[in-house]
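Report on the structure given below.
The values are calculated or read from the model by the stated rules, or taken from the named source; none is laboratory data. None of these values were measured; they are calculated from a predicted model. No Cβ is skipped: glycine too gets one built from the backbone with ideal geometry, and neighbour counts run over all protein chains shown.
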Amino acid sequence: MRVSGLTILHYGADYIGYAIRSVYDHVDVHHVVYTPTPSHGHQTTAVCPETKEQLLAQVLAYDPQHKIRWHEVDAFRWEGQHRDYALSLCQGDLALVVDCDEVWDGEALDQALKTAWDGEARNWLINFTTLWRSFDFCCRDNMWPVRIIDKRQKEGTAYIPKELGDIYHFGYAVRSQIMAYKVGIHGHKGEWRPNWWKEKWEVWPPPRDCHPTCLDTWFPVPYQRDRLPKLMRTHPFYGLERVD
């Protein structure tokens, strides 16, 4: 089984190194496709809070086996195009999609890859545990993005069982500066709930019903941070009550 990791990147320095490290031992190569301009659906005149040099330093902070391949593009204005290009670079049997703020548990990833390898579908969907403004609260939902692609197969969709373990999304456990930039370039910017920033993002303890675009979807509940993958214990946000 040959596994290629892929990450599309424009910002995300706080978590990208941890995301890659969480899958590093499970992939043969990991492609990071960076663009200096947003590809998430909206352009902006705002300057990205993170430079290419900052991102590159985090990407290459851990690469003992020289698996990481850095690519730079500036041709895509849509996330789908950006992802398709990254996928085209993957020559392995399985492609593992890892966004810059997604961290896997090693055992869960082992089982997920085995499930896909033994299956007969091209697109394998997973369900995330989303951390909310800290490592002490999480949201759960019924959303299933594609995160493993079996390039041996031409079609078919299947699901990685939730029972394999939590897979973590840290996209809402970020600094407010990053969140403000994220809102400005987000593909669902036009659907953002009015007053979400003041009524949901800035409220602490966590409010109910806090998903930025969907009603009755995210209800933060306490989460034991020591259940996170051990590598997250070295993260600078690990001991914070709230990430600001």
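Quick look at the numbers
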| read-out | value |
| --- | --- |
| Extreme residue, nearest to the chain's Cα centre (by Cα), among residues of region 122-146 that are buried (at least 17 other Cβ atoms within 10 Å of the Cβ) and assigned to a loop (DSSP other than H, G, I, E, B) | Phe128 |
| Check on Thr45, of a type in the set (S, T, N, Q), at pLDDT 95 or above and over 17 Å from Ile20 (Cα atoms) | no |
| Among residues of region 65-105, those that are in contact with a Lys or Arg (Cβ under 8 Å, 6 or more places away or on another chain), at pLDDT 95 or above and among the small types (Gly, Ala, Ser), counted | 1 |
| Residue check for Ala86: touching a Leu at 6+ places or on another chain (Cβ under 6 Å) and outside any loop (DSSP other than H, G, I, E, B) | yes |
| Of residues in region 44-74 being more than 16 Å from Gly12 (Cα to Cα) and touching a Ser or Thr at 6+ places or on another chain (Cβ under 8 Å), the one surrounded by the fewest Cβ atoms within 10 Å (Cβ to Cβ) | Asp74 |
| Residue in region 178-190 that is modelled with pLDDT under 95, part of a loop (DSSP other than H, G, I, E, B) and buried (at least 17 other Cβ atoms within 10 Å of the Cβ) present | yes |
| Failed criterion for Gly239 (all others in (1) over 27 Å from Asp110 (Cβ atoms); (2) outside any loop (DSSP other than H, G, I, E, B); (3) free of Cβ contacts under 8 Å to residues at least 24 places away in the same chain hold) | (2) |
